[in-house]
Amino acid sequence: MKVGISLTSNYPDVKDPRQGARWMIERAAAARRALLDSLFVGDQHVSPTPYYQNTPMLGRLLAEWGEAPAGCLFLLPLWHPVIVAEQIGTLAAIAKGPFTMQCGLGWGHARFTAMGANIRTRPSAFEEALDIVRRLLAGETVSSSGRFRIAEARLALRPAEPVEVWIGASAPPAIDRAARLAEGWIASPDLTPDEARVQADMYRERCAACGKGAGTVVLRRDIYVGESPSEARTVLQHAVNRGYRGMPAEALIAGSVEEVTEQFHAFAQIGYTEILVRHLTNDQPKVLASLERLASVRAALA
């Protein structure tokens, strides 16, 4: 099993806007020292709290990263596909290793309204946008008169190697879409272990129905690797007491190196090939220490 990181981009408590960016840079450097297998940032728009946007932030973080895969999430119904393709072309040129495109539908009526998008048509907009992005990355000249009106668009700066697509999905129709259209599927971070097993089975079944292998099966987990079991439990309890992102406590992972390794291994046994972590705390020294210990978790799993 591989272990990567999806860096926290949302910092509700920062007073200096530079602070959150500095923390992300420090965490990317720590993830490289820990020899993690991939680096990603998310996507959110019209956020009520400070959120560092994906493409400029990843461009800076790649200076701290090595040759392992990197990428970012695009909520495709909220983007123009030509812009997405151009951003990927530039980021893939900066990256020393492979670029992976994560994508999803997006959520929230207020967000869609603020971005001038229709939330009711997001599934069809998603599939249309993904098709256009892929064609542009492949070097095609693209015209479209669908939801996105495009006339003879062409991408001159294209990635040097193929870009994998991973789709985040939780509802059955979305899992089916990931099986049909992508090289990988990302399971939601709020799934309990039992739900994660059921959805992984569903994804593999839908891939088989499409006549293809499952590819990369990714699970997002919010974690903390403590210096001791008791220290980890303290961090976990603090997060749970604050109603951590509305997630059930059993979807969160905190423990010693040995305990976290055991829980990750359990997900490997039910077919997940990569875990993308995010941290339960924004206490920077604790996050950096957890990342240092995560190197031992990764080594044990390898």
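The values are calculated or read from the model by the stated rules, or taken from the named source; none is laboratory data. This one's a predicted model, so the numbers in the text were calculated from it and none came from an experiment. Cβ sites come from the backbone with ideal geometry, for glycine too, and all protein chains shown count toward neighbours.
Observations, loosely collected:
- Restricting the first member to the range 241-253 and to residues that are at positive phi, and the second to residues that are part of a helix (DSSP H, G or I) and surrounded by 14 or more Cβ atoms within 10 Å (Cβ to Cβ), the beta-carbon pairs closer than 9 Å and six or more apart or on different chains are ARG245/ALA239.
- Taking the criterion of being within 27 Å of the chain's Cα centre (by Cα) and exposed (fewer than 12 other Cβ atoms within 10 Å of the Cβ), the only residue of the range 135-146 that qualifies is GLY139.
- Residue list for the range 11-21, restricted to those being under 30 Å from LEU301 (Cβ atoms) and surrounded by fewer than 17 Cβ atoms within 10 Å (Cβ to Cβ): none
- When the residues of the range 140-196 are filtered to those that are more than 30 Å from PHE264 (Cα to Cα) and of a type in the set (Lys, Arg), the one that is modelled with the lowest pLDDT is ARG147.
- All positions within the range 67-84 that are within 18 Å of LEU181 (Cα to Cα) and either in a helix (DSSP H, G or I) or modelled with pLDDT under 95 (or both): LEU76, PRO77, PRO81, VAL84
- Selected residue (only one of ARG122, ARG154, ARG149 is crowded, with 16+ Cβ neighbours inside 10 Å and among the charged types (D, E, K, R)): ARG122
- Selected residue [crowded, with 19+ Cβ neighbours inside 10 Å, part of a loop (DSSP other than H, G, I, E, B), out of contact with any Asp or Glu (no Cβ under 7 Å at 6 or more places or on another chain) and not aromatic (Phe, Trp, Tyr)] from GLN87, GLN44: GLN44
- Answer from LEU73, LEU61 - the residue that is over 27 Å from SER144 (Cβ atoms), crowded, with 19+ Cβ neighbours inside 10 Å and of a type in the set (A, V, I, L, M, F, W, C): LEU61
- Residue check for LEU276: under 18 Å from the mean Cα position of the chain (by Cα), part of a strand (DSSP E or B) and in contact (Cβ under 8 Å) with a residue 12 or more places away in the chain: yes
- On the stretch given as the range 274-302, residues that are over 23 Å from THR49 (Cβ atoms), crowded, with 16+ Cβ neighbours inside 10 Å and not aliphatic (A, V, I, L, M) total 4.
The rows are residues; the columns are (1) more than 20 Å from GLN263 (Cβ to Cβ); (2) out of contact with any Lys or Arg (no Cβ under 8 Å at 6 or more places or on another chain); (3) aromatic (Phe, Trp, Tyr); (4) in a strand (DSSP E or B).
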{"residue": "GLU161", "(1), (2), (3), (4)": "yes, yes, no, no"}
{"residue": "TRP166", "(1), (2), (3), (4)": "yes, yes, yes, yes"}
{"residue": "PRO173", "(1), (2), (3), (4)": "yes, yes, no, no"}
{"residue": "ILE186", "(1), (2), (3), (4)": "no, no, no, yes"}
{"residue": "ARG197", "(1), (2), (3), (4)": "no, yes, no, no"}
{"residue": "ASP201", "(1), (2), (3), (4)": "no, yes, no, no"}
